[in-house]
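Derivation of every value follows stated rules applied to the coordinates shown; laboratory data play no part. The shown structure was predicted, so the numbers you read here are calculated from the model rather than taken from an experiment. No Cβ is skipped: glycine too gets one built from the backbone with ideal geometry, and neighbour counts run over all protein chains shown.
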Amino acid sequence: MGARLEYIRYDYTNNMISGRSRPDGTSCGFGGCRYSRPESRNDDFTAFSPKVGLLYKYHGNHDIYLNFGQGFRAPQTSELYRLQRAQTVAGLGKVSLRNIELGFRGREDILSYNLSLYAMKKDNYIFRDAGFFNVDNGKSRHFGADMMVKIALGAHFTIRGNMSIARHSYDFDYISRGVNLRDRDIDTAPRHFGSMQIAWRPTDRINAELEWVHMGSYYLDPENLHKYGGHDYLNLRAEFQMTEDYGIFLRLMNITNRKYAERADYTTFTDERYFPGKPRSLYAGINISF
């Protein structure tokens, strides 16, 4: 059981001309400049965040845990003061969230695991509306499971896997481009992603690992009209400890040279945007201990 009391204060001073003008005060035309500089101001936020946790050891090295918590996030300075278009003041409040988590974890001989089930609700969610104003009346809900399993296969092989399966969705009525956001997936939030590693350690001086990385599909916009299909790729790593003082390492990343997006999103100005991940890449190096 625990609690935290937090106080945050921002002291914003605008040393330039306030409003949507150029730095010299002249107009940008066509309704004003893109960014709006607000007047100097102070903002402060106070929140109390309690947390309660229960732990039960039901057998040997196996536990069940249950956590209840409430937290908050103060608006970022960019959300409060980096305004666009006609917005002159962003009177934002703090984002609050409530969550419950039920988990199982343990280890036994060749097996170790951790399974966590959670549900969370977020209130006063800060987002940018269709008029490019920063507003704070959004709500979202989150349900999911995080899993980790590690299995030793004999003396030299180990398999480890991580997977997250979740649904992150908007939980309020808001019409954006003719679409109500309620029950729509939150943009750029995949429903599943994870990885798996197969490690080989034939001797104390040699390590090798083959890794599979998986990213599920996700929507690029809040309206869920544009989607990225996700990706999978493989990595290979190896280390050779030549002596106690130095060793060499090799890394072959994206073995199959898969084309994928490290990040993707959508804006009305640029349409779909994809930030490409690295192509097949080979790295080699030396580790030296002094």
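Odds and ends about this structure:
- Taking amide H as placed 1.01 Å from N in the peptide plane, Gly19 has its amide H under 5 Å from the amide H of Arg37, each at least 5 places away in sequence or on another chain.
- In the list (1) -0.69, -0.93, -1.05; (2) -0.82, -0.95, -1.01; (3) -0.97, -1.16, -1.21, the label attached to log10 I(q)/I(0) by the Debye sum over Cα atoms at q = 0.11, 0.13, 0.14 Å⁻¹ as derived from the coordinates here is (3).
- Derived scalar couplings between HN and Hα for the range 101-113 equal 9, 10, x, 10, 8, x, 8, 7, 6, 8, 10, 9, 7 Hz in order, rounded to whole Hz, by the Karplus curve 6.51 cos²θ - 1.76 cosθ + 1.60 (θ = phi - 60°), x for Gly and Pro.
- Segment Val52-Lys121, length gained on full extension (0.36 nm per residue, minus Cα span): 23.2 nm
- Which listed pairs, of Lys51/Lys94; Lys122/Lys278; Lys57/Lys121; Lys94/Lys121; Lys94/Lys227, have C-alpha distances above 26 Å, in listed order: Lys122/Lys278; Lys57/Lys121; Lys94/Lys227
- The range 109-289 - charge dipole about Cα centre, Lys and Arg +1 at Cβ, Asp and Glu -1, debye rounded to 20: 260
- Alpha-carbon centroids, the range 54-114 and the range 204-226: separation in whole Å: 22
- Compared with the direct C-alpha span, the chain from Glu244 to Gln70 gains 57.8 nm at full extension, assuming 0.36 nm per residue.
- Interchain or long-range residues, amide H under 5 Å from Gly230's placed H: Tyr218
- Rounded to the nearest whole Hz, the Karplus-based 3J(HN,Hα) values (6.51 cos²θ - 1.76 cosθ + 1.60, θ = phi - 60°) of the range 137-146 follow the sequence 9, x, 9, 9, 10, 9, 10, x, 9, 10, with x at glycine and proline.
- The stretch between Lys259 and His226 holds 10.0 nm of extra length on full extension. This uses 0.36 nm per residue minus the Cα-Cα distance.
- Karplus-derived HN-Hα couplings along the range 68-81 (A = 6.51, B = -1.76, C = 1.60, θ = phi - 60°), whole Hz, x at Gly and Pro: 10, x, 9, x, 8, 9, 6, x, 6, 4, 5, 6, 7, 10
- In the range 1-92, Cα pairs under 8 Å separated by at least six residues give a relative contact order of 31 percent.
- Spin-label pair Phe172/Lys278, simplified geometry with 7 Å Cα→Cβ offset, distance in nm: 4.0
- Modelled this way, with points 7 Å down the Cα-to-C-beta line, the labels at Arg201 and Ile288 are 2.7 nm from one another.
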